[in-house]
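Okay, structure first, notes after.
The values are calculated or read from the model by the stated rules, or taken from the named source; none is laboratory data. Here the structure is a predicted model, which is why all the values come from computation and not from measurement. Methodologically, a virtual Cβ is constructed for each residue, glycine included, from the backbone with ideal geometry; neighbour enumeration extends over all protein chains shown.
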Amino acid sequence: MWPTYKENEEKQKNGFLVDAQEMILVLARIAIISTVITILLITYLITRLTYANLFPIILQKGIEFLGPIFVKFGQWISTRWDVFPRDICDTLSQLQRNATPHSWLYTEHLLEATYGPSWQNLFVKFDGKEPIGSGCCAQVYKAWIDQNATWESQISHFADTKVLNGSDKLASASPRTRNLQTIAVKILHPGIEGQLKRDIAIMRGFCKCVTYFIPKLHWLSFTDCIDEFARIMENQVDMRLEASNLVKFSANFSKRNDIVFPYPYTHLTRRRILVESFHEGAPISDYLEYDDAILQRRLAKIGITMVFQMIFKDNFIHCDLHPGNILVEKTIAKASLFNTFWRVITSDYAEHDSRLIILDCGLVVSLNERCRQNLRDVFYSVLTRNVNVSTVMSELFSAMINHRVKQDGSFSSVILSMLVIEGLGRCLDPKIDIFTEILPYVFSSVMYNK
């Protein structure tokens, strides 16, 4: 049956009301952002001569108040000790794992809405009502799952979030047959999708205004970068995609014992909830001022080679590698004849076996062939000129403006990730030889391309 004229008119009216409401929310958001930024600028001018140590704390609170996109930028700033003041970096590093969490009441409500009123038969115990970590988009709890608990109806691997009906109940195993497994439960913050959508619309409008008044910046593809950033941020708020990324990363690094990715329980993961294996470790930032130079050198090498493998070999790149998403698992090296011999002949012998645990794999990009070729050229320049990656990147962006060369948005995401991990690597080991580490990856990539 065709819709009547009144039905069409009603739909148009509802659509207009929704658009008008969204416009009001965007304008209100612009007013809030402008007000907070103005307050931060005034605070900086007031405190820089008197109470300078207060400004980093006020800046952190302001960034948290503004929401996930600003928290993401704050996380990036906190990794660049070589660019920003150390007190600001140290304070903003709290945003990596200790951003303001949402309430346990919301978490409990979401668990019940997703898994039904019997969800506690599956998630037997939570390690308190406070999360063990909270980032810009979600927070993580340590919990225990009963692997013997079963669904009375089939669970699809990537079913959408929905309230279970009467036939979808959890059957709990008896206490004697419970098989408990420690897991991590990642819960998306409430209302984050709408806020991301509005903030990205504001950023896109701001970039268009800037490029209109400064035409040279058009060649940096700011709007393309925003579109790419919007895509990967939208992916980050869908936990099913992060679970899929974890599976692929685990396969890519299956032959390396020094890199670990959590294992996702895909049959329990939903759009707003990710269930994955739990891994104990300390944030890599704890090792920046560690007294074991050999261990620091090893961690820096693992991190640098990991990113090079993602870029040049796998073309599947984690774009959110701030220190809060990198844990260090340290164990005592096993006693063996080989280890004893190695300890005698080398000064780089480590008393501990260490590996990196990589978390928060929602922000992922892959490059097209043109961008990969550009990256090969960039790192070839690094090899031949013996300079820092950040120096070459600065020259690259200047050349793009001067010669009016547009670049794909994902290229900028990879460059940003590379700068973060290079800064982290040099903080761990200022003498790290990036050229030696990059050579086999660039060489193999060039040979494969030929």
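Condition (residue is touching an Asp or Glu at 6+ places or on another chain (Cβ under 7 Å) and either under 30 Å from Q147 (Cα atoms) or of a type in the set (D, E, K, R) (or both)) applied to region 106-113: is it met by at least one residue?
The answer is no; no qualifying residue exists.
Answer yes if at least one residue in region 166-182 is modelled with pLDDT of 85 or more and either buried (at least 19 other Cβ atoms within 10 Å of the Cβ) or assigned to a loop (DSSP other than H, G, I, E, B) (or both), and no otherwise. Give the derivation first.
Step one: list which residues in region 166-182 are modelled with pLDDT of 85 or more, which gives 181-182.
Next, only the ones that are either buried (at least 19 other Cβ atoms within 10 Å of the Cβ) or assigned to a loop (DSSP other than H, G, I, E, B) (or both) stay: none.
The answer is no; no qualifying residue exists.
Any chance region 41-64 includes a residue that's farther than 30 Å from K197 by Cβ and in contact (Cβ under 8 Å) with a residue 60 or more places away in the chain?
Checked region 41-64: no residue is farther than 30 Å from K197 by Cβ and in contact (Cβ under 8 Å) with a residue 60 or more places away in the chain.
What residue, among those in region 265-293 that are among the charged types (D, E, K, R) and within 19 Å of the chain's Cα centre (by Cα), is surrounded by the most Cβ atoms within 10 Å (Cβ to Cβ)?
E276
How about region 110-128: which of its residues are closer than 12 Å to I273 by Cα and of a type outside the set (A, V, I, L, M, F, W, C)?
From region 110-128, those closer than 12 Å to I273 by Cα are 110-115; that's our starting set.
Across region 110-128, the qualifying residues are E112, T114, Y115.
Show the residue pairs meeting these rules: Cβ distance below 9 Å; 6+ apart or different chains; first residue within region 244-257 and among the charged types (D, E, K, R); second residue surrounded by fewer than 19 Cβ atoms within 10 Å (Cβ to Cβ) and part of a loop (DSSP other than H, G, I, E, B).
Close Cβ pairs (under 9 Å, with a partner that is surrounded by fewer than 19 Cβ atoms within 10 Å (Cβ to Cβ) and part of a loop (DSSP other than H, G, I, E, B)) amount to K248/F316.
Could you pull out the residue among I332, I311 that is under 30 Å from A184 (Cβ atoms) and either modelled with pLDDT under 70 or among the aromatic types (F, W, Y) (or both)?
Checking each option against the conditions leaves just I332.
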